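I have placed the structure first, in the form of structure tokens, so that the comments after it can refer back to it.
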Amino acid sequence: MRRSVVDFAVDFAVAPAPRRDPTTVTFTPVAFAGAVGTFVLIGVTSSLFGPLLGTFAHHFAVSLATAGTALSLYYVGGVAGVGAGWLGVARLPGATVVSGALLTMSIGAIGVALARGWTVFAVALVVLGLGFGALATAINSLLARTMEDGRARRLSVVNAGFGVGAVAGPLLSIGVHVHHFATIFIGVAVLGAVLAASTRGLHAPAHHAEHSRHGERPAGRTRILVTFVVAYVLYEALESSASGWMATHLHRTGYSVTVSAVINAGFWAALAAARFAGGPAHRRWREGPLVLASLIGAAVCAAGALAHDLAPVAYPLLGVALASVFPMGVVWYARLSPRDSDGVSMVMLFAMLGGVIGPGGVDVAVAHLGVRVVPVALTVLAILDLAVFASLARVPRRRVARASSTATDAA
């Protein structure tokens with residue numbers, strides 16, 4: 001007997017839907033644009049403190065050394081925020097976590113803008129950092145749970161937003177009068193509130209621990225996780241030390257303050273531009289070789305900065321070399337431990353320590369050996385990071401294949 005179109009429609013309507021991994025995350029175009037905008041925002045905010053230290057010292061009538069603790073206070077909040085973001089994506093919908101973190105940043109920015117005393121200002125900086133840390137962790141963790149097809153491109157583009165913001169921040173601070181820095185932070189607050197609305201297009205169910213038990217975790221998961229933690233601590237130490245010390249190194253070795261600042265901005269611009277190319281590059285090469293090749297390039301560029309005439313070119317090229325390490329490293333971890341997005345959050349948590357350890361270690365080296373040691377320190381960090389990441393090449397292919405197969409079956 002011939003079946004009607006209605007019969008086929010009914011069969012289709014009642015047919016069981018294909019099974020889907022309950023932890024899969026999807027971003028609508030608006031939500032993805034919001035994620036990019038969020039990373040631009042935290043890039044702008046994080047890059048403002050250096051240019052505005054003198055302004056803070058004058059406005060609050062404190063010493064420059066005291067004003068210099070502003071960035072440390074921001075990162076104290078950032079470390080706490082990483083933990084909050086980690087717990088948040090495990091227990092709450094991703095949209096709730098991201099919008100809450102954006103509003104937290106807005107509250108902190110308003111506090112920074114309106115503070116009349118150093119104590120209130122310091123508390124506001126911690127709140128601002130809390131939102132920053134939660135956003136950096138939550139969004140990267142959520143992107144690591146998106147479909148594998150296009151995951152590298154999404155991570156590269158979103159993290160490129162940070163570099164764009166890091167270039168824009170110092171430009172915004174140029175010409176800001178001592179009493180007008182509040183305008184920038186009011187703008188940060190408004191933009192944070194606007195971006196919070198974009199999370200309505202983010203589908204990200206809570207990633208409870210029981211989801212990980214739907215499939216077998218890859219063998220050697222602890223070793224893989226510890227290796228990535230060490231690798232990311234070294235990477236953050238390298239990036240923060242390079243961005244924090246290159247201008248001083250250039251200026252103390254004969255370049256003008258203006259040239260040094262332009263080259264510093266060029267480092268961030270090159271890093272951001274190269275990250276946009278991460279997706280196309282990943283279509284040709286796997287993430288592991290990309291990370292290793294990038295760190296080899298970083299070591300060469302850092303060593304090149306030892307030569308006075310090469311340094312102005314070597315530092316922006318260092319930004320190009322470093323661009324793929326962070327996003328492709330997340331993709332690499334997701335491939336080796338596909339059911340373990342909690343691990344991404346843990347890596348982000350410890351990676352923050354690199355932003356403290358790296359510049360602090362370079363401080364000690366410069367104090368004892370002089371500013372010309374900066375390129376040497378950067379080269380050593382790049383080589384150490386390369387060695388740690390290279391150790392992952394020994395992970396047996398059969399373990400990776402079994403982990404990926406398990407994740408596919410669970411979906």
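The numbers here are math on the coordinates, done by the rules we state, and not lab data. Just so it is clear, the model here is predicted, and its values are computed rather than measured. Using ideal geometry, Cβ is built from the backbone for each residue, glycine included, and neighbour counts are taken over all protein chains shown.
Based only on other Cβ atoms within 10 Å, what is the fewest-to-most ordering of L250, L102, L171?
Values: L250 25, L102 28, L171 12.
By the 10 Å Cβ count, ascending: L171, L250, L102.
Can you give the charge dipole size of the stretch 221-399 about its Cα centre, rounded to the nearest 20 debye, using +1 on the beta carbon of Lys and Arg and -1 on the beta carbon of Asp and Glu?
On the way: 14 positive and 8 negative charges, 180 e Å.
About 860 debye.
Please list, in order along the stretch 117-125, the HN-Hα scalar couplings obtained from phi with the Karplus expression 6.51 cos²θ - 1.76 cosθ + 1.60 (θ = phi - 60°), rounded to whole Hz, x for Gly and Pro.
Karplus-based 3J(HN,Hα) across the stretch 117-125 equals x, 5, 5, 5, 4, 5, 4, 4, 5 Hz.
Please arrange H58, H207 by counting, for each residue, the other beta carbons lying within 10 Å of its beta carbon, fewest first.
Working: H58 13, H207 22.
So the ranking, lowest neighbour count to highest, is H58, H207.
Between D363 and I296, what length comes free when the chain is fully extended (0.36 nm per residue of separation minus the Cα-Cα distance, one decimal in nm)?
Working: separation 67, 0.36 × 67 = 24.12 nm, distance 2.43 nm.
Between D363 and I296, full extension yields an extra 21.7 nm.
At 25 °C and 0.890 mPa s, grab the translational diffusion coefficient of the stretch 29-207 from Stokes-Einstein with a Kirkwood Rh over Cα pairs, rounded to a whole number in µm² per second. If you can, show how the numbers build up before the last one.
Details: Rh = 16.2 Å.
Calculated translational D: 151 µm²/s.
Please compute, over every Cα-Cα pair in the stretch 221-399, the percentage with a separation greater than 25 angstrom.
Details: 5046 of 15931 pairs.
Percent of Cα pairs beyond 25 Å in the stretch 221-399: 32.
Taking the Cα centre of the stretch 29-207 as origin, sum charge times position over the Cβ atoms of Lys and Arg (+1) and Asp and Glu (-1), and report the length of that vector in debye to the nearest 20. Provide the component values of the computation, followed by the final result.
On the way: 7 positive and 2 negative charges, 41 e Å.
Computed about the Cα centre, the dipole is about 200 debye.
Ranked by Cβ crowding within 10 angstrom, fewest neighbours first, how are E236, E148 ordered? Display every interim value, and only then the final one.
Numbers: E236 23, E148 13.
Ordered from fewest to most neighbouring Cβ atoms within 10 Å, E236, E148 come out as E148, E236.
Using the per-residue mean of other Cβ atoms lying within 10 Å as a proxy for protection, in what order, highest first, do the peptides 73-86, 276-289, 258-271 fall? Provide the component values of the computation, followed by the final result.
Working: 73-86: 22.8, 276-289: 15.9, 258-271: 19.9.
Answer by packing, highest mean first, reads 73-86, 258-271, 276-289.
Using mean Cβ contacts within 10 Å as the protection proxy, how do 224-230, 158-164, 303-309 order, highest first? Numbers along the way, then the final one.
Numbers: 224-230: 20.3, 158-164: 24.7, 303-309: 15.3.
The peptides rank, most packed first, as 158-164, 224-230, 303-309.
Calculate the FRET efficiency for T24 and H308 from the Cβ-Cβ distance with a Förster distance of 60 Å, rounded to the nearest 0.05. Each step should come with its number before you reach the end.
Values: r = 52 Å, r/R0 = 0.87.
Once rounded, the FRET efficiency stands at 0.70.
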